[in-house]
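Here is the structure we will look at.
Laboratory data are not the source of any read-out in this text; all were calculated from the coordinates shown. Everything numeric in this text was worked out from a predicted model, so none of it was measured. As a convention, Cβ positions derive from the backbone with ideal geometry for all residues, glycine included, and neighbour counts pool all protein chains shown.
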Amino acid sequence: MQHVEMKNIAKSYDKEHYVLNGIDLEIEEGEFFVLVGPSGSGKSTLLRMIAGLEEISGGILKINDKVVNHLRPKDRNLSMVFQNYALYPHLSVEQNILFGLNAKKVKKQEQKKRLTETAEMMGLTELLKRKPKQLSGGQRQRVALARSVVSEAPLFLMDEPLSNLDAKLRAHMRMEIRRLQKKLGLTMIYVTHDQVEAMTMGDRIMVLNDGKIQQVGDPISLYNNPANLFVASFIGSPK
Ligand code: ADP
Ligand code: MG
């Protein structure tokens, strides 16, 4: 279980213009936290800083009360799922799922145990010997998720993981991800530009615009009491 805290986080790519500024935020253990905002608002930048893939220009980032600003990604005990999840085309489903564990030199016996459990939970048991091109889009997405699940990281970061799927599959995968998060007790930070996705999935939602937090709250309070006109029009409630 992981608790994430940000104090006055800022990001500038060119040391002049700030794409994120004054971000104060606390994400609780086991919470499904959604970052939502229009394209270019800074969602991916923020997520990548949490993951350690992007340098933090100012402020303090803590995971479990420990400052991690300069900690390497692999030492942060988290797992990230990207928008354009790439499976290795020449490897089987099983090899794709186990790739990260192999790299971390997890013992074979432990790998086998985790693979069996994960495949069962994700409905992939029958597909383990297939190659990615022999799978549907939804199945491929499930393999990408399984690759994260098998890592047993307590903190998950997802950056628009469903944006390449059609509407029906997207609705289905939303439920699957929610179910998985609850079942494993994960702390989830989930990025989307889709208001419906944010409102249906989030325990709490942070609305971001132009690098600044507009509002943080649960879906009902955002809908009923939007903090400003931007939130009102973005979430779609009358104000
Ligand atoms: P979002 O994920 O909400 O669409 P991003 O975090 O990708 O937003 O981008 C926020 C801002 O930072 C945008 O103005 C974008 O052009 C800029 N940006 C993102 N990545 C880089 C980069 N590697 N170098 C310079 N500017 C970047
Ligand atoms: Mg993005």
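Counting every pair of alpha carbons in segment 1-109, the share spaced more than 16 Å apart comes to 66 percent. For the chain, a Kirkwood hydrodynamic radius built from all Cα pairs, placed in the Stokes-Einstein relation at 10 °C and 1.306 mPa s, yields a translational diffusion coefficient of 85 µm²/s. Distances between every pair of Cα atoms in segment 2-57, grouped in 5 Å steps from 0 to the bin holding the largest one, split as 4, 17, 28, 30, 14, 5, 2, 0 percent. The angle between the Cα long axis of helix 108-121 and the longest principal axis of the Cα atoms of the chain comes to about 70 degrees, rounded to the nearest 10. At an R0 of 35 angstrom, the distance between the Cβ atoms of SER233 and LYS133 translates into a FRET efficiency of 0.25. Between the listed residues SER92, ALA146, ASN64, the Cα displaced farthest toward the positive end of the dipole of the chain, a dipole computed from Cβ unit charges relative to the Cα centre, is found at SER92. Over the C-alpha trace of segment 154-199, radius of gyration and Dmax come out as 10.5, 29 angstrom.
In vacuum, with every alpha carbon of segment 197-239 counted as one equal point scatterer, what does the Debye formula give for log10 I(q)/I(0) at q = 0.17, 0.21, 0.29 Å⁻¹? Two decimals, please. Each listed q corresponds, in turn, to -0.37, -0.58, -1.08. For the cross-link pairs LYS113/LYS182; LYS15/LYS43; LYS62/LYS107; LYS43/LYS74; LYS133/LYS168, which exceed 24 Å when the distance is taken from alpha carbon to alpha carbon? Cα-Cα > 24 Å for LYS62/LYS107; rest within. For the options LYS62, LYS105, LYS11, a Gaussian network treatment of the chain with springs between C-alpha atoms closer than 10 Å singles out LYS105 as fluctuating the most.
With only Cα atoms counted, segment 170-225 has Rg and Dmax values of 12.0, 34 Å.
Taken over segment 146-239, the convex hull of the Cα atoms encloses 110 Å³ per residue.
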